[in-house]
Amino acid sequence: MSTSESILAAARRRAADQPYAGAVTPEEAYALLCDDPRVKLVDVRTNAERDWVGRVAVPESRQVAVQWVTYPGGAPNPDFGAQLEQVAGKDEVLLFLCRSGVRSRHGARAATELGFAECYDILEGFEGDRDAEGHRKTVGGWCKAGLPWIGA
């Protein structure tokens, strides 16, 4: 079994009770993005979050941005499905990323309902949860894991 296959098998077991394919850790997501050409990151954060907070440092060809909610206002993106269908193939392995792992679960679920068969939530998100002082990037997430990212 290849590394990608073993990561995805673990992801399926980890989220067996979810309506999408599975859940990966940030480290597993990065390994998949580096090693498997079928894998694409779907960043569901707002454009403002990506512009002001930062973004994952993987090749542009391996990631797309489709907001789950819009900024300003935080309204659900009514075009989420149509926008995703324009930038991702139904045969690709899609890894959904948000700030802390909530919107990414919703995105993975919605994409699965649209017929994307391989949708995975990235646990902990980009910034992770807040610490005791209200700061992010110190408790879980892509940044805390020391994975490559580009600051704003």
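Quick one: would you say ASP79 is more than 16 Å from the chain's Cα centre (by Cα), closer than 19 Å to ALA108 by Cβ and at pLDDT 95 or above? Yes; evaluated as a whole, the condition is true for this residue. Here LEU8 clears all of (1) outside any loop (DSSP other than H, G, I, E, B); (2) in contact with a Lys or Arg (Cβ under 8 Å, 6 or more places away or on another chain) except the condition numbered (2). Scan ALA21, ALA88 and give me the residue that is touching a Cys at 6+ places or on another chain (Cβ under 9 Å), among the small types (Gly, Ala, Ser), surrounded by 13 or more Cβ atoms within 10 Å (Cβ to Cβ) and within 18 Å of GLU113 (Cα to Cα). Result of the check over ALA21, ALA88: ALA21. Residues of the range 128-152 that are of a type in the set (A, V, I, L, M, F, W, C), surrounded by fewer than 13 Cβ atoms within 10 Å (Cβ to Cβ) and closer than 14 Å to GLU49 by Cα: ILE150, ALA152.
For every residue, the table says whether it meets (1) closer than 14 Å to ARG99 by Cβ; (2) more than 14 Å from the chain's Cα centre (by Cα); (3) among the acidic types (Asp, Glu).
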| position | (1), (2), (3) |
| --- | --- |
| ARG38 | no, yes, no |
| VAL44 | yes, no, no |
| GLU49 | yes, no, yes |
| GLU60 | no, yes, yes |
| GLN63 | no, no, no |
| TRP68 | yes, no, no |
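Scanning the range 58-69 turns up no residue that is farther than 28 Å from THR138 by Cα, in contact with a Lys or Arg (Cβ under 8 Å, 6 or more places away or on another chain) and of a type in the set (Phe, Trp, Tyr).
Among residues that are of a type in the set (A, V, I, L, M), out of contact with any Phe, Trp or Tyr (no Cβ under 9 Å at 6 or more places or on another chain) and not in a helix (DSSP H, G or I), VAL58 is not included.
The rows are residues; the columns are (1) among the charged types (D, E, K, R); (2) out of contact with any helix residue (DSSP H, G or I) (no Cβ under 7 Å at 6 or more places or on another chain).
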{"position": "THR25", "(1), (2)": "no, yes"}
{"position": "LEU33", "(1), (2)": "no, no"}
{"position": "VAL56", "(1), (2)": "no, no"}
{"position": "GLU60", "(1), (2)": "yes, yes"}
{"position": "ALA75", "(1), (2)": "no, yes"}
{"position": "PHE80", "(1), (2)": "no, no"}
{"position": "GLY107", "(1), (2)": "no, yes"}
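Checking the stated criteria, VAL58 turns out not to satisfy the condition of being in contact with a Gly (Cβ under 8 Å, 6 or more places away or on another chain) and either at pLDDT below 95 or farther than 17 Å from LEU8 by Cα (or both). In the range 37-60, the residues that are within 12 Å of PHE126 (Cα to Cα) and surrounded by fewer than 23 Cβ atoms within 10 Å (Cβ to Cβ) form Cβ pairs under 8 Å with partners that are aromatic (Phe, Trp, Tyr) and at pLDDT below 95, at six or more places apart or across chains, as follows: GLU49/TYR71. Please go through the range 17-31 and give me each residue that is touching a strand residue (DSSP E or B) at 6+ places or on another chain (Cβ under 8 Å) and either assigned to a loop (DSSP other than H, G, I, E, B) or without any contact (Cβ under 8 Å) to a residue 24 or more places away in the chain (or both), ordered by number. Listed by number, the residues that qualify are GLN18, TYR20, ALA21, THR25. Only one of the numbered conditions (1) modelled with pLDDT under 95; (2) closer than 17 Å to ALA23 by Cβ is violated by SER104, and that is (1).
The values are calculated or read from the model by the stated rules, or taken from the named source; none is laboratory data. Note that the coordinates shown come from a computational prediction; the quantities given were computed from them, not determined experimentally. We place every Cβ from the backbone using ideal geometry, glycine too, and count neighbours over all the protein chains shown.
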